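The values are calculated or read from the model by the stated rules, or taken from the named source; none is laboratory data. The model shown is predicted, which means the values in this text are computed figures rather than measured ones. Please note: Cβ atoms are built from the backbone with ideal geometry, for glycine as well, and neighbour counts cover all protein chains shown.
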Amino acid sequence: MRNVGIMPHIFKEETLRAAKELGRWLEEKGLEARMLPGDAEAAGCPGRGVEEEEFLRGLDLVISLGGDGAMLRASSFAYRADAPVVGVNLGKKGFLTALEMEGMYAGLEEVLKGRYLLQERMLLECWIREGCGGRPLYAINEVVVGKRELQRMIRLEVEINGEYFHYYAGDGVIFSTPTGSTAYSLSAGGPIVEPTLECIILTPICSHSLVDRSVIISPQSEIEVLARREKVMPSISVDGREEVELPHGGKVLIRKAPRRLKMVKAVGYSFYTLLREKFEFPEGK
């Protein structure tokens, strides 16, 4: 391991301080610590800042400092570089992160020595027929086809493998990965799915039909969503970060991404223990 990228939450002072100190710690170990220019400037170490192309080149590990939002951002860069990502939790839930702040250096020492669990997580690939320059968008958690106007409902037709499936009227539809099953999909009534599985979870948002429920779809399936030509402007949101308007009558293609994300976890990691602790399940008798 030689090149390590540091990606802090730039609006939290504690993560910026931690990024600066972590950079020094890595360099003392003979590693190259690099950051994106804006992150490096915010952390007070502009000398570590490199442009995006250089940041991704030869990257061996990405370290995220913050909560799950910071981890989603870091994971998108790690996926593009085909490098593992490890998260240090300075947020609240920390479903995606592997380490807590108080144990950061001891945990990273183990990671640098190769003593960690590497999980591979399925992502979603999203193609918008118009509006994103012909490039795919990748989601670690979810793709949401929804609307920007609260007063109106949106009407969406969903096809699976070229066959008409269902017509949804409401606030939109969430297409989630198993990793994202504990995020927006869960708040909309979707199921919790073990994150190492492969499937696509379809969950309607505030549906106007009482019979609409979540549907678990095969990862080999291709899903197309058609937005009806109406007054409301549909939009696509990817992991709550990247939002693109969908032209009226436009189509969205959603399918499993060609590669998996490499996510670092501590030895002994258990999803069910994490689930119990984060949701504060009551203890049994």
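In segment 149-174, which residues are under 17 Å from residue 223 (Cβ atoms) and in a loop (DSSP other than H, G, I, E, B)?
161, 162
With the checklist (1) surrounded by fewer than 20 Cβ atoms within 10 Å (Cβ to Cβ); (2) in contact with a Leu (Cβ under 7 Å, 6 or more places away or on another chain) in hand, flag the one item residue 32 doesn't pass.
(2)
Just checking, how many residues over segment 102-125 are under 22 Å from the mean Cα position of the chain (by Cα) and surrounded by fewer than 16 Cβ atoms within 10 Å (Cβ to Cβ)?
3
Would you check if there is a residue in segment 240-252 being within 18 Å of residue 152 (Cβ to Cβ) and either modelled with pLDDT of 90 or more or surrounded by 20 or more Cβ atoms within 10 Å (Cβ to Cβ) (or both)?
Yes: segment 240-252 contains one or more residues that are within 18 Å of residue 152 (Cβ to Cβ) and either modelled with pLDDT of 90 or more or surrounded by 20 or more Cβ atoms within 10 Å (Cβ to Cβ) (or both).
Taking segment 72-95, which residues are within 19 Å of residue 267 (Cβ to Cβ) and modelled with pLDDT of 95 or more?
84, 85, 86, 87, 88
So which pairs qualify, if the first residue must be in segment 54-76 and more than 19 Å from residue 100 (Cβ to Cβ), the second must be surrounded by 24 or more Cβ atoms within 10 Å (Cβ to Cβ) and of a type in the set (Ser, Thr, Tyr), the Cβ gap must be under 8 Å, and the two must be at least 6 apart or on different chains?
73/64
Under the condition of being surrounded by 14 or more Cβ atoms within 10 Å (Cβ to Cβ) and among the acidic types (Asp, Glu), which residue from segment 193-236 is modelled with the lowest pLDDT?
Checked segment 193-236; the qualifying residue modelled with the lowest pLDDT is 230.
Restricting attention to segment 68-94, which residues are assigned to a loop (DSSP other than H, G, I, E, B) and charged (D, E, K, R)?
Selection gives 82, 92, 93.
Please give the number of the condition residue 123 fails out of (1) touching a Phe, Trp or Tyr at 6+ places or on another chain (Cβ under 6 Å); (2) on the phi > 0 side of the Ramachandran plot.
(2)
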